[in-house]
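First the structure, in the form of C-alpha cells, and then the observations on it.
FYI, it's all coordinate maths here, none of it is from the lab. Fair warning: this is a prediction, and the values are worked out from it, not measured in the lab. All Cβ positions, glycine included, derive from the backbone under ideal geometry; neighbour counts span all protein chains shown.
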Amino acid sequence: MSTPVEAVALAHQTDWGRIVATLIRLVGDFDLAEECAQESFAVALERWPLDGVPAQPRAWLVSTARHKAIDRIRHRKLERTHAEREGLLEIRSAELELHALADDRLRLLFTCCHPVLAPQAQIALTLRTLGGLTTEEIARAFLASVPTLQQRIVRAKALLAERAVPYEVPEGSELPERLPSVLTTLYLMFNEGHSASSGQALLRVDVCEEAISLARALHRELPDQAGPVGLLGLLLLTHARRDARLDAQGELVTLDRQDRSLWDRAAADEGRALVKRALGMAPLTRFALQGAIGAVHADAASADETDWRQIAALYSVHMRVAPSPIVALNACVAFALAHDVYEGLSRLEALSSQLADYAPFHAAHGELLERTGQIEGAASAYRRAAELAGTDPERRHLRRRAKQVRSPRNS
Amino acid sequence: MQYVLLIYGSERTWNDLSEAEKGQEFAEYMTFGKAITDSGAMRGGDALEPVNTAKSVRVRDGKITVTDGPFAETKEQLGGYYLVEAKNIDEAVSLGAKIPGARTGVVEVRPVIVFPSA
C-alpha cells in the first residue's frame, strides 16, 4: 500500500503526458497547460495526505488543473473564446475520464512533430511534454546548454501558436507524410530512455515505457499503417533486454555477454509477432528491419548461436531502403561475423572519416581488430571509444575492454 | 519450361527515391515473391548488392585482369533476378510485367536451356 506522497509521484510518472495532452486540448495553450498541470500536482501533495488518495487520481488531477486554468482564463479575454469552443467551462469530470485520454497524447505527439518544427525541436518538445523530462535532462541528452534547450522549446511552442497548428491527429492524405517524423521521434524518445546519451545512468525505464505506451496507442489508432507495427515490435524486442543490460554493480553488459535468461520473453514474443506482421506490410520500414534484427538476436539461445548471416542480409536490405553511416557500420560488423572478418574490417575502416567522432565506431573497430589479432590497434581503438562515450557506464566498459585485450582472454 | 527474369534498373534513380518509396517497392517485391511461390512458379531468385561491390574478371591469353564494377558505364544495372517455371514465354513475360522493377527499368526474359540429366 503506497503512501499518498508515493501515489502523487507514481501519478506524475505515469500520467504527466496524458494530463498535459488533455489540458492542451482544453485550454489551447502549451504553457498554460503545463503550469496548471504542475499546480495540480502541488495541490495533490497538499490534499491527498489529508483527504486520502482519490479513487481515480488522473481524473482528479485533470479536474484540478482544469479549475486552475478556468481561474486564469477568466482574467484573460483571448483564451476565453477557445475555452468556450472546447466546452472547457461546461465539461464534467466524469466525461474527462471517458474522453479517451490516449487520443489526446496522440494529438500532442503529432503536434510536437509537426513539419513546421525542425527535427531537433520536435524531439525536445516531445521529451518535455510527453516524456516529462526536465529541461536539464533534455539539455544533457543533446549535449546542449540549458539556455539553448529552453530557447528551443520556447520557440517551438511559439511557432506552433503562430502558425495556429491544429491540435489533432492528421487524416487521409496528410497522414503518410506526417507519420515518419512521429515514428522517428518516438524511437529517439525510447532510445533516450534505453541508453541515455549522457550522464551517470544508462537506463530510464519510465521513459522507455512511456514511448512503448505511445507506440501502442499509435498502433491502435492506425491499425493499418505499417510503420507503427514495426516500431512497436522493435521497441518491445529492445526493451525485452533491459534487465540484462546492467550487472549487479551497475556496469554495462553488451549484447554478446548478456544473461539471456533475464530477457523478458513475453515482450520479445510480442515484439517478434509484430515484426513478422510488419515485414509483410507496405511500405517496408527501417523499424521493421531493425526489429527483425532484434528478433534474430532474441531467437538465439546464446550469443554463439546468433544467425549472423540473416542479420547481415537484413542490414543489406536496410542499406538499400534507409542507408546511413551508422547502418553501414552495423552492416560491416554483421558481415564480419557472418562471412569474413578481414573483409568486414576493411569495409569498416572505409567508414572512418564519416564516423571519426562516433564512439560505437571505434568500439566496433576495436572488436574487429581484436578478432584479427591486432592487439595494440584494438586497445587504442577501445581507448578512443572511451574518450568519445557519453555515459560513465559506457566509458568504464570500454576502458575495461582496452585493458583486457592485452591480457589473455578467458573464454 | 524455365525462364530467367533479369531485372535491370538505374541505381541512381533508386537512390533518389524517398525512404517511403523504397520501402514501398521492397514490400511489392515481397508480395511478388510470395505470389509466385504460392502459385508454384518460383524456382529461385536473389537481390544483388549494388554495382559498386561488383568486380569484373577477364582472362586473355592466360592473363587475369580484375576491374571494379561491370563491363561498361551502363544506364541501367542488374539488380536481381528470378528463375521461374512457366508454360511458355508469354506466361513468363506476364510474370515479368508484375515485377516492380519493370515499371522504372526493364525486365529481360530469357528461356533457360535445361540439359536433360544423363
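What the table below lists for this structure:
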read-out: Spherically averaged projected area in nm², based on the convex hull that wraps the Cα atoms of the stretch A:127-172; value: 4.0 nm²
read-out: Förster radius 56 Å - calculated FRET efficiency between A:THR372 and B:THR74, Cβ distance, rounded to 0.05; value: 0.95
read-out: Size of charge dipole - the stretch A:184-269 - debye, nearest 20, with Cβ of Lys, Arg +1 and Asp, Glu -1, no other charges; value: 100 debye
read-out: In order through the stretch A:211-220: 3J(HN,Hα) via Karplus (6.51 cos²θ - 1.76 cosθ + 1.60), integer Hz, x for Gly, Pro; value: 4, 5, 4, 5, 5, 5, 4, 4, 5, 5
read-out: Positive-pole candidate from A:VAL253, A:GLN122, A:VAL405, dipole of the protein assembly as shown, charges at beta carbon; value: A:VAL405
read-out: Nearest 10 degrees, 0 to 90: helix A:308-321 Cα axis against chain A principal axis; value: 60 degrees
read-out: Charge-dipole axis of chain A as Lys and Arg at +1 and Asp and Glu at -1 on Cβ define it, positive-most pick from A:ALA386, A:ILE375, A:TRP263; value: A:ILE375
read-out: Selected from B:GLY69, A:ALA21, A:GLY172, residue furthest toward positive end of dipole (the protein assembly as shown; charges at beta carbon); value: B:GLY69
read-out: Antiparallel %, DSSP beta bridges [both residues in the protein assembly as shown], to 5; value: 95 percent
read-out: Per-residue average of Cβ from other chains inside 10 Å of B:21-32; value: 6
read-out: Zero-based 20 Å bins, Cα pair distances in the protein assembly as shown, whole percents; value: 18, 46, 28, 7, 1
read-out: For the stretch A:338-358 and the stretch B:1-28, distance of Cα centres in Å; value: 27 Å
read-out: B:THR65-A:ALA350 FRET efficiency (beta carbon distance; Förster radius 25 Å; 0.05 resolution); value: 0.60
read-out: Stokes-Einstein translational diffusion, the stretch B:2-111 - Kirkwood Rh over all Cα pairs, 1.002 mPa s, 20 °C, in µm²/s; value: 140 µm²/s
read-out: Relative contact order (%) - criterion: Cα under 8 Å, at least six apart; region: chain A; value: 10 percent
read-out: Cleavage-rule hits (chymotrypsin sites (Phe, Trp or Tyr not before Pro)) in the stretch B:69-100: DSSP loop, at most 13 neighbouring Cβ within 10 angstrom; value: B:PHE71
read-out: Under 18 Å from B:LYS98, Cα to Cα: aspartates and glutamates that are on another chain or at least 8 residues apart; value: B:GLU21, B:GLU25, B:GLU28, B:ASP38, B:ASP46, B:GLU85, B:ASP90, B:GLU108
read-out: Test item: A:275-281 mean partner chain Cβ contacts at 10 Å; value: 2
read-out: Kirkwood hydrodynamic radius over Cα pairs of the stretch A:317-411, then Stokes diffusion coefficient at 20 °C and 1.002 mPa s, in µm²/s; value: 159 µm²/s
read-out: Nearby lysines by direct alpha-carbon distance to A:LYS68 (threshold 22 angstrom, same-chain neighbours under 8 apart not counted); value: A:LYS77, A:LYS157
read-out: Coarse-grained scattering of the stretch A:1-63 at q = 0.19, 0.22, 0.29 Å⁻¹, given as base-10 log I(q)/I(0) from a Debye sum over alpha-carbon atoms; value: -0.64, -0.82, -1.27
read-out: Radius ratio Rg over Rh of the stretch B:52-118, counting only Cα atoms, Kirkwood formula for Rh; value: 1.09
read-out: Likely footprinting exposure, A:LEU61, A:LEU179, fewest C-beta neighbours within 10 Å first; value: A:LEU179, A:LEU61
read-out: Under DSSP loop assignment and at most 11 Cβ neighbours within 10 Å, longest GluC sites (Glu not before Pro)-free interval of chain A; value: A:172-411
read-out: Spatially proximal lysines relative to A:LYS276 (Cα-Cα < 20 Å; intrachain offsets below 8 disregarded); value: B:LYS22, B:LYS34
read-out: Likely footprinting exposure, A:LEU45, B:LEU95, fewest C-beta neighbours within 10 Å first; value: A:LEU45, B:LEU95
read-out: Choice from A:SER261, A:SER213, A:SER63 with maximal GNM fluctuation in chain A (Cα, 10 Å cutoff); value: A:SER261
read-out: Magnitude of the charge dipole, chain B, Cβ model with Lys/Arg +1 and Asp/Glu -1, debye to 20; value: 400 debye
read-out: Helix A:286-299 axis, angle to chain A major axis (alpha carbon atoms, nearest 10°); value: 60 degrees
